[in-house]
Amino acid sequence: MSRILKVFLFIIFFAVFFEAGLISSYTIVTSQPPDVSKLLQMQVEELSSLLNFGTPGSSTITNKQVVKILNPDEVAEALKGRTQLSGINLQTMSASTSDSIKDKNTNITVNITATGYKEAVTGANVTGGTIVITPNETYSITATAMAEVKTGGVMVNLLNIQITSLRKLYGTT
């Protein structure tokens, strides 16, 4: 048997055993019979998205632009109120958008990221006269909002800020 035929058969057997393992593991994990056509379609879509990654005209890569927030104090207060945190670190707050910022006085969607903190609450004597000091809890905040493009940055509309993610980075629990 020629060497090329052996390699071709090896690839075919590898694909068959891989698919058999995928189907059996799907059955074990979900306790349901697998839909083979959906599993194969998912694999084809994933492979095609990997092969098309970074090609011109690909929609997987968007050009995010960092924009300056012209009302950072008000945005921090709005974030603080919506997240029930003690404060927002203004130095870590940033906004980015994939919309065009060329036209002034137009509304765009911005993604706001910041870190916030919740001050530690210490009780009185917890055990036998000792004082317990706990560190502040640190949170990562991600929000979306509408903003109006102005000269030098964007003015974030405080009424439509929506928190999309609030993750505890550091805390006592």
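Read-outs: derived from the displayed coordinates by stated rules, not from any lab. Keep in mind that what you see is a predicted model, and the values were worked out from it rather than measured. Reconstructed Cβ throughout: ideal geometry from the backbone, glycine too, with neighbour counts over all protein chains shown.
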- Cα-based Rg / Dmax (Å) for the stretch 65-170: 17.3, 65
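Going by C-beta contacts inside 10 Å, put THR106, THR83 in order with the fewest on the left. Mind dumping the intermediate values first?
Numbers: THR106 12, THR83 17.
Arranged by neighbour count, lowest to highest, THR106, THR83 become THR106, THR83.
Quote the FRET efficiency, to the nearest 0.05, computed for LYS64 versus THR138 with a Förster distance R0 of 25 Å and r equal to the Cβ-Cβ distance.
Taking R0 as 25 Å, the efficiency between LYS64 and THR138 is 0.55.
Can you flag which of LYS68/LYS168; LYS68/LYS104; LYS64/LYS102; LYS118/LYS150; LYS80/LYS168; LYS118/LYS168 are past 22 Å Cα-Cα? Display every interim value, and only then the final one.
Working: LYS68/LYS168 26 Å; LYS68/LYS104 14 Å; LYS64/LYS102 14 Å; LYS118/LYS150 33 Å; LYS80/LYS168 15 Å; LYS118/LYS168 10 Å.
Violating the 22 Å Cα-Cα cut-off are LYS68/LYS168; LYS118/LYS150.
Dipole magnitude of the stretch 65-170 about its Cα centre, charges +1 at Lys/Arg Cβ and -1 at Asp/Glu Cβ only, in debye to the nearest 20?
Numbers: 9 positive and 8 negative charges, 31 e Å.
Approximately 140 debye in magnitude.
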